[in-house]
Number of protein chains: 2
Amino acid sequence: MRADARRNYERLLACAHEAFTEHGADASLEDIARRAGLGIGTLYRHFPNREALLVALLSARLRGLTTYIDELAGQEPAEAFANWVRASCEHGKTYRGIAIGVMSMVLGDRTEFDDACAAAKAAGDRVLVRAQEAGAVRPDITRAHLVALVQGLILATEDDPELFDTLLSVVLAGLSG
Amino acid sequence: MRADARRNYERLLACAHEAFTEHGADASLEDIARRAGLGIGTLYRHFPNREALLVALLSARLRGLTTYIDELAGQEPAEAFANWVRASCEHGKTYRGIAIGVMSMVLGDRTEFDDACAAAKAAGDRVLVRAQEAGAVRPDITRAHLVALVQGLILATEDDPELFDTLLSVVLAGLSG
DNA sequence: CGACAAACGGAGGTAGCCTCCGTATGGTCG
DNA sequence: CGACCATACGGAGGCTACCTCCGTTTGTCG
């Protein structure tokens, strides 16, 4: 990959992040190219369609989340667990709209995204198991339960950060072993 | 309202339902007008923009759900409660994508939609209170809890009906008084 | 430094959004 | 019953976005 190509790839991802968080998954691709100071043709060479750009962006962000989760290994189990839940909520809030857009798209090769998902799940499982082994979290809880709790929490408290904090503390207390 | 206008209004809503469930909130408005055998101008007179059409459609559906919930008054409390949860899940599944599109839109007069929401909530509360008074449902559960549970359930079990049924039975068992 | 594969840019064809206004028609009143 | 007009309809047209295609530019390697 040529140096200019890599530079432009990164620039496009950064501008796509801005545009998608501002306007949702419907953001104009031409606007993204303009923000990056590049032609629309360049955007389409790197990402053949909207889905490809979204998948690349989400995958990059998921990799970032995975890195953070792995760093939680240095914290005590209960604290690491709480931080994991919190980070997942934050990630879910920011990318809920975008992720739903991606989910509704079909077909195509989503290997990259699937891999990033699997990695994030595995990293989360490690934190969960550790917390459970330390007796900080009920042993019957699974990651699927937490996904459901987190998503429900986010949707039920839309636009009410105070309610969100209250319910999150309730959930965390309820999960303690 | 003239007779032809009312007929066309209904026809547009029906075709919008088809199109939105097929293609999500991004469905083409021109396609909706075509399906209804009407000009695009007619669609825009009845619904000045996409949001207005979505709001009208969701409101109509919510009113239908409210009617169903009210009919549950004839069933025994525990059964009515379970049916309410089930119907809410069904409604949420079908309209999740569309509803999210609506939620992300801002400003404008949403009185009609707000009223429909309030009515559905009130009807649900009646069923909940009755079930709790009969001792069929834990007294500390609120409708907000159920919204969170339901939404989380739907999101966590995307594309896996079997898992959905399993988790739903778990939730219903867990809610019993 | 020169050559060429790799990358860029943007014109252009298509389609959807929404507006505007000329045309058609349902309902009402003499 | 017929004529009038407010109400409603249709679609052309201006705009913007999507995506493709190809002529031009540029990084890299011998």
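The values are calculated or read from the model by the stated rules, or taken from the named source; none is laboratory data. It should be emphasised that the depicted structure is a prediction, and the values quoted were computed from it without experimental measurement. We place every Cβ from the backbone using ideal geometry, glycine too, and count neighbours over all the protein chains shown. Keep in mind that these areas ignore ligands, DNA and RNA; they rest on the heavy atoms of the full protein, side chains included. Shrake-Rupley method; radii C 1.70, N 1.55, O 1.52, S 1.80 Å.
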- Message: Checking residue B:73 against (1) open to solvent by 10 Å² or more (accessible area, probe 1.4 Å); (2) farther than 30 Å from residue B:126 by Cβ: exactly one of these is not met. Which one?
- Response: (2)
- Among the numbered conditions (1) farther than 18 Å from residue B:118 by Cα; (2) in a helix (DSSP H, G or I), tell me where residue B:85 comes up short. (1)
- When every residue in the range A:81-117 that is farther than 30 Å from residue A:48 by Cα and either exposed (fewer than 13 other Cβ atoms within 10 Å of the Cβ) or within 14 Å of chain B (Cβ to nearest Cβ) (or both) is compared, the one modelled with the highest pLDDT is A:85
- Message: Taking the condition of being basic (Lys, Arg), under 12 Å from the mean Cα position of the chain (by Cα) and within 14 Å of residue B:18 (Cα to Cα), how many residues in the range B:29-74 meet it?
- Response: 1
- Message: It is to be established whether one or more residues within the range B:17-32 are free of Cβ contacts under 8 Å to residues at least 12 places away in the same chain and of a type in the set (A, V, I, L, M, F, W, C).
- Response: yes
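Each row is one residue, and each column tells you yes or no for (1) assigned to a helix (DSSP H, G or I); (2) within 11 Å of DNA strand C (Cβ to nearest atom); (3) surrounded by 16 or more Cβ atoms within 10 Å (Cβ to Cβ); (4) within 14 Å of chain A (Cβ to nearest Cβ).
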{"position": "B:17", "(1), (2), (3), (4)": "yes, no, yes, no"}
{"position": "B:22", "(1), (2), (3), (4)": "yes, no, no, yes"}
{"position": "B:25", "(1), (2), (3), (4)": "yes, yes, yes, yes"}
{"position": "B:33", "(1), (2), (3), (4)": "yes, yes, yes, no"}
{"position": "B:42", "(1), (2), (3), (4)": "yes, yes, yes, no"}
{"position": "B:45", "(1), (2), (3), (4)": "yes, yes, no, no"}
{"position": "B:48", "(1), (2), (3), (4)": "no, yes, no, no"}
{"position": "B:53", "(1), (2), (3), (4)": "yes, yes, yes, no"}
- Test set (1) of a type outside the set (Lys, Arg); (2) open to solvent by 40 Å² or more (accessible area, probe 1.4 Å); (3) at pLDDT below 90; (4) over 30 Å from residue A:169 (Cα atoms) - residue A:78 fails condition number: (4)
